[in-house]
1. From the list Arg43, Arg39, pick out the single residue that is over 18 Å from Gly112 (Cα atoms) and crowded, with 18+ Cβ neighbours inside 10 Å.
2. Residues that are open to solvent by less than 30 Å² (accessible area, probe 1.4 Å): list the strands (runs of 3 or more DSSP E) wholly contained in region 59-140 that include at least 3 such residues.
3. Could you look through region 77-127, keep only residues that are within 12 Å of the chain's Cα centre (by Cα) and of a type in the set (Ser, Thr, Tyr), and pick out the one that is modelled with the highest pLDDT?
4. Could you say which residue among Asp49, Asp15 is free of Cβ contacts under 8 Å to residues at least 24 places away in the same chain, surrounded by 12 or more Cβ atoms within 10 Å (Cβ to Cβ) and closer than 23 Å to Tyr111 by Cα?
5. Tell me which residues, restricted to region 35-51, are in a strand (DSSP E or B), at pLDDT below 95 and either within 15 Å of the chain's Cα centre (by Cα) or over 19 Å from Asp95 (Cα atoms) (or both).
6. Please tell me if Leu32 is assigned to a strand (DSSP E or B), over 18 Å from Ile132 (Cβ atoms), in contact with a helix residue (DSSP H, G or I) (Cβ under 9 Å, 6 or more places away or on another chain) and at pLDDT 95 or above.
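The values are calculated or read from the model by the stated rules, or taken from the named source; none is laboratory data. This one's a predicted model, so the numbers in the text were calculated from it and none came from an experiment. Note: ideal-geometry Cβ built from the backbone for every residue, glycine included; neighbour counts use all protein chains shown. Surface areas here come from the heavy atoms of the whole protein model, side chains and all, with no ligands, DNA or RNA. Shrake-Rupley method; radii C 1.70, N 1.55, O 1.52, S 1.80 Å.
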Amino acid sequence: DGPVAGYWAMRSEVDPARILAGLEERGLPLCLPATVEQRLVFRTWKPGDELVPGGFGTLVPPPSSPVVQPTVLLVPLAAFDRRGHRIGYGKGHYDRALAALPGCLSIGVAYGAQEVESVPVEPYDVPLDMIITESEVIRN
């Protein structure tokens, strides 16, 4: 149903651009995150729409784009384990977003080489529902 929240890849993150283009071709509404006052908001977006610098070397929809609540959230990560725990870039934005979106399907997008035995877990960490790599789907 959507909207599906993607992300604009930075550093060595898996680039979900092809996934998002395919979802848009199937008619699903899309959005991208933007950091506003230390939390993520999700603004409508589709491939080809304007993007503006959003900090951390990423691009985001402009503030004029409507804010929506995603039902599916593609989540970037630096490392993950098979329990669905992830390491991001240390700000906790995605954990807070997931906690504020009950019922939202969370899907980590990663390379298999990013898997580690165990990710340290803090009380506020929210495990992902699934992780998709180039070779498998891990369901939690």
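1. Details: Arg39 fails: crowded, with 18+ Cβ neighbours inside 10 Å.
It is Arg43.
2. 72-75, 105-109
3. Ser106
4. Working: Asp49 fails: closer than 23 Å to Tyr111 by Cα.
Only one candidate passes the filter, namely Asp15.
5. Our first condition is that a residue be in a strand (DSSP E or B); within region 35-51, this holds for 35-36, 39-44.
So of that shortlist, the ones also at pLDDT below 95 come out as 35-36, 39-40.
Across region 35-51, the qualifying residues are Thr35, Arg39, Leu40.
6. On the way: assigned to a strand (DSSP E or B): yes; over 18 Å from Ile132 (Cβ atoms): yes; in contact with a helix residue (DSSP H, G or I) (Cβ under 9 Å, 6 or more places away or on another chain): yes; at pLDDT 95 or above: yes.
In short, yes.
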